[in-house]
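The values are calculated or read from the model by the stated rules, or taken from the named source; none is laboratory data. Bear in mind that the values here come from a model prediction, so they are computed numbers and not experimental data. Here the Cβ is made from the backbone with ideal geometry for all residues, glycine too, and neighbour counts use every protein chain on show. Just the protein is used for accessible areas: all its heavy atoms, side chains included, with ligands, DNA and RNA removed. Shrake-Rupley method; radii C 1.70, N 1.55, O 1.52, S 1.80 Å.
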Amino acid sequence: MNKNTSNISFTFFGSSHMSVIVLDELKSAGYIPTCIVTTPDKPQGRKLILTPNVVKTWAHENNIPVYDPAKLDTSFIETFMPAHAGTFNLEPSSVFIVASYGKIIPQAVLDIPARKTLNIHPSLLPLYRGASPLQSAMLDDQKKTGVSIMRIDAEMDHGPLIAQKEIIVQEWPTYEVFEENMAREGARILADILPDWISGAIKEKEQDHSRATYTKKFTKADALIDLSSPDQYLTFRKIQAFHERPQAYFMITHNGKEIRIKVTQASFKNNALVIEKVIPEGGKEMGYADFESGYKKY
């Protein structure tokens, strides 16, 4: 373990695959959370079996205590505070770290640790505040992007900056690859600055709120693409941005019925969109050439 990490204890808030990537990177740098706060198990599959999310699974695999409250309310605080105070053989947390938690954290929780609560946000704040900074940057073809470490305050992605790093994207990968790259970079930046933040050597910098831009939560309707659109590069970026969810798709008429065709693989070559693999509604993934020969469009 890095000698700078030995006296730093923290609680981690997260609920997604991005959260796990951050946890893995922090662990490799010698930072292992004292405990983890995540979201409750959700019903999955045809039998709707309650299933833990990937962060809870990571916590169990690493023998870390985990809380999964439905709400971060008074009841949670009353349950959580004894653990934070050092009960149950847990060290009090110096700081809380948030990465893709997915819930609003009330001020009463943010202010629990002495060094407050830090967040990894995958954009150059104040740009792209909100739920979808990565997808929004891809759709805007904003290749000058980056990662911000900020202290969370009462407003969305509004708090003061602790650190930032600019990242230039050469070509747009799928969303999953972009997310992983940015999550790893953000975790590395956090690992580098955490000792100085805990010691008080880093000063906060207020964001320039006049430059703030905001993102939205995308829906299935946003992922509909038009293969006849003259802007094929935008269509390609939509396929990449919505690769994981809600998945880019187009509609065709097949045997007198409208069906959805999901695009799972595409490229942009010589200023032209090339669709390589698709999943027809009710079918399995196939090459686009096979799809065109096997599905009559009329």
In the set I168, I198, which member is in contact (Cβ under 8 Å) with a residue 12 or more places away in the chain and open to solvent by 60 Å² or more (accessible area, probe 1.4 Å)? I168
Step by step: first the residues of the range 201-212, then only those that are surrounded by fewer than 18 Cβ atoms within 10 Å (Cβ to Cβ) and not hydrophobic (A, V, I, L, M, F, W, C), then the one that is nearest to S267 (Cα to Cα). Which residue is that? R211
Across the range 178-188, what is the total count of residues that are surrounded by 19 or more Cβ atoms within 10 Å (Cβ to Cβ) and not small (G, A, S)? 3
When you go through (1) in a loop (DSSP other than H, G, I, E, B); (2) touching a strand residue (DSSP E or B) at 6+ places or on another chain (Cβ under 8 Å); (3) among the acidic types (D, E) one by one for E258, which number turns out not to apply? (1)
Residues satisfying the stated conditions in the range 105-130, i.e. hydrophobic (A, V, I, L, M, F, W, C) and touching a residue at least 24 places away in the same chain (Cβ under 8 Å): I105, A108, V109, L110, I112, L118, I120, L124, L125, L127
Residues of the range 273-298 satisfying the condition of being farther than 19 Å from T174 by Cβ and outside any loop (DSSP other than H, G, I, E, B): P280, A289, D290, F291, E292, S293, G294
Scanning the range 150-162 residue by residue, those of a type in the set (A, V, I, L, M, F, W, C) and either crowded, with 20+ Cβ neighbours inside 10 Å or touching a residue at least 60 places away in the same chain (Cβ under 8 Å) (or both) turn out to be M150, I152, I162
Got a number for residues in the range 133-145 being within 19 Å of Q207 (Cα to Cα) and surrounded by fewer than 21 Cβ atoms within 10 Å (Cβ to Cβ)? 1
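Here is a yes/no grid of residues against (1) touching a Cys at 6+ places or on another chain (Cβ under 6 Å); (2) modelled with pLDDT under 95; (3) part of a helix (DSSP H, G or I):
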| site | (1), (2), (3) |
| --- | --- |
| S19 | no, no, yes |
| D24 | no, no, yes |
| Y31 | no, no, no |
| T39 | no, no, no |
| W58 | no, no, yes |
| N63 | no, no, no |
| A70 | no, yes, no |
| S75 | no, yes, yes |
Subset of the range 46-61 [surrounded by 14 or more Cβ atoms within 10 Å (Cβ to Cβ) and either on the phi > 0 side of the Ramachandran plot or not β-branched (V, I, T) (or both)]: P52, N53, K56, W58, A59
With respect to T213, determine if the residue is of a type in the set (S, T, N, Q), more than 30 Å from P92 (Cα to Cα) and touching a strand residue (DSSP E or B) at 6+ places or on another chain (Cβ under 9 Å). yes
Just give me the residues in the range 213-252 being open to solvent by less than 40 Å² (accessible area, probe 1.4 Å) and over 20 Å from E179 (Cβ atoms), in sequence order. I225, S229, T235, Y249, F250, I252
